[in-house]
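Let me begin by handing over the structure; questions about it come next.
Coordinate-derived values only; no laboratory data. Source: prediction; values computed, not measured. All Cβ positions, even for glycine, are placed from backbone atoms using ideal geometry, and neighbour counts span all protein chains on display.
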Ligand code: BGC
């Protein structure tokens, strides 16, 4: 049996990612809380992982003991700016405390400034639909970065603007008052303007800052490779989901199949690309689905499927996503800001982790500038409209008792972080079923 280790470069960031609304609990002043109370989600966030109550300490202890040297978390706008005219210094101090906590544990922080949640007062003004949000977001970013800059230089302005705009305004799963592709494009354009304003503001406050956004990249294949219609639908859906933000950041024009908006100030506004990769979609023509531009998407048949059927384990999709990033943004550092799978019993996760990290290693070996990896997630947390039905944590969570339960994947990931690499012994121990794929003779 071959014995080998896929090593990563010195200084590689290994961590997990979380988001405020998903872990803090009692975020009663944002639009998600309201959406939950109105019955749109599968259960409510409640106490979540009780990070606001202080349990971030025990979770970050576990992360640090497992060799993680970084953590990505988000701050909650509705806590920092509870009303348009007030700032909560106490909330900012809590985040400063968390950042000190990371420093004490020897972990590099990445702070996300917007991860799907908006203050209720902003939601009441239609959130990101109108351009006035840009100045409001910039104001919030300035205040927050001023307060936290002593402890953080790695910033993610907005998490998955494409998912925020499309899951809300097109699919109707995220909180919105209106629906439609056009309004989704308006929202995406305003998020680009907000991102660009934030990028400049952060650099003004902290010249050494490294600023990016987290892009959800979804590779896609046509269902029938011979069908011109499926190929066309694949392209429409691919460009619609994947290309809005990136096109504007590389050219200053946001291009999607339904909108072309000039946003010159967005050009060049990133110091790294945050890449979130989960799975690949198979796309076909669907005459019954005008809402999604006559496209239909499903998991490729015969895939290795996750426990709720949400994610197909297709590790080469991570390779393809990184390749796409290097072609779209030559020489730009890339950080994998999310990658993971829902798997309550941890049957698939160990191989999902090993196989994805192996694909990431292949890209590093080509000298493509991948600088870090944040697994989603550290501990089970509130999965938006899917609530508690999906379990993405290295540690499980008993929502009633707040008890954490370690999954085998936590040990595998700890070994990877400590080794700064993936070894044949680890694969043999945690996911022997893919040994031959990762270490062929
Ligand atoms: C989001 C996370 C979410 C994860 C898994 C990503 O799109 O950024 O907040 O928990 O997917 O569903």
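Based on Cα coordinates alone, diagonalise the gyration tensor for segment 284-441, multiply each eigenvalue by 5, take square roots, and list the semi-axes in whole Å, largest first. It would help to have the intermediate numbers written out before the result.
Numbers: eigenvalues 129, 115, 52 Å².
Equivalent ellipsoid semi-axes, largest first: 25, 24, 16 Å.
Quick one: compute the contact order of the chain, relative version, from alpha carbon pairs under 8 angstrom and 6+ residues apart, as a percent.
Details: 909 pairs, mean separation 83.6, N = 441.
Averaging sequence separation for qualifying contacts and normalising by length gives 19 percent for the chain.
Further question on the same structure: Can you give the Rg to Rh ratio for segment 114-193, taking only C-alpha atoms and Rh from Kirkwood? Please report the intermediate quantities before stating the final value.
Numbers: Rg = 13.2 Å, Rh = 13.2 Å.
Over the Cα atoms of segment 114-193, Rg/Rh equals 1.00.
Tell me, Kirkwood radius of segment 327-417 from alpha-carbon pair distances, in Å? Please report the intermediate quantities before stating the final value.
Values: mean 1/r = 0.0698 Å⁻¹.
Over segment 327-417, the inverse of the mean reciprocal pair distance is 14.3 Å.
Report the antiparallel proportion of the DSSP beta bridges in segment 1-147 as a percent, rounded to a multiple of 5.
Working: 2 of 10 bridges.
Given both bridge residues lie in segment 1-147, the antiparallel proportion sits at roughly 20 percent.
Considering only segment 282-405, what is the antiparallel percent among its DSSP beta bridges, to the nearest 5?
On the way: 8 of 12 bridges.
In segment 282-405, approximately 65 percent of DSSP beta bridges are antiparallel ones.
Over the alpha-carbon set of segment 250-330, divide Rg by the Kirkwood Rh and report the Rg/Rh ratio to two decimals.
On the way: Rg = 16.3 Å, Rh = 15.5 Å.
My calculation of the ratio gives 1.05.
Relative contact order of segment 100-213: what whole-number percent is it, with Cα pairs under 8 angstrom and at least 6 residues apart? Show your work: numbers first, answer last.
On the way: 137 pairs, mean separation 40.8, N = 114.
Relative contact order for segment 100-213 comes out at 36 percent.
Past the 20 angstrom mark, what percentage of all C-alpha to C-alpha distances in segment 1-160 do you count?
Across segment 1-160, Cα pairs with separations above 20 Å total 53 percent.
When ranked by the protection proxy of mean other Cβ atoms within 10 Å per residue, highest first, what sequence do the peptides 173-185, 337-349, 83-95 form? Spell out each step's value before the answer.
Details: 173-185: 18.5, 337-349: 22.1, 83-95: 14.0.
So the peptides 173-185, 337-349, 83-95, ranked by packing, come out 337-349, 173-185, 83-95.
A follow-up question, please. Using only the Cα atoms, work out Rg/Rh for segment 171-309, with Rh taken as the Kirkwood radius, to two decimals.
Values: Rg = 17.0 Å, Rh = 16.7 Å.
Ratio of gyration radius to Kirkwood radius: 1.02.
Also: In whole Å, largest first, what are the principal axis extents of the Cα atoms in segment 1-93?
Here the spans come out as 59, 33, 21 Å, largest first.
For segment 159-229, what is the convex hull (Cα atoms) projected area averaged across all directions, in square nanometres?
One quarter of the hull surface, i.e. the mean projection, equals 6.9 nm².
By DSSP, what percent of the beta bridges with both residues in the chain are antiparallel, rounded to the nearest 5? Working shown, then result.
Values: 18 of 51 bridges.
Of the beta bridges lying entirely in the chain, close to 35 percent run antiparallel.
Per-residue counts of other Cβ atoms within 10 Å, averaged by peptide: what ranking do you get for 302-308, 156-162, 383-389, highest first? Please report the intermediate quantities before stating the final value.
Details: 302-308: 16.1, 156-162: 24.9, 383-389: 18.1.
Descending mean neighbour count gives 156-162, 383-389, 302-308.
A further question follows. Output needed for the chain: three equivalent-ellipsoid semi-axes, defined as square roots of 5 times the C-alpha gyration tensor eigenvalues, in descending order, whole Å. Intermediate values should be presented prior to the final figure.
Working: eigenvalues 179, 151, 95 Å².
For the chain, the semi-axes come out at 30, 27, 22 Å.
Averaged across orientations, what area in nm² does the convex hull of the alpha carbons in segment 78-128 project?
Numbers: hull surface 16.0 nm².
So the mean shadow area of the Cα hull is 4.0 nm².
If packing is taken as the average number of other Cβ atoms within 10 Å across a peptide's residues, how do 364-376, 201-213 rank, most packed first? Write down the numbers at each step before the final one.
On the way: 364-376: 19.7, 201-213: 18.1.
Top of the packing list down: 364-376, 201-213.
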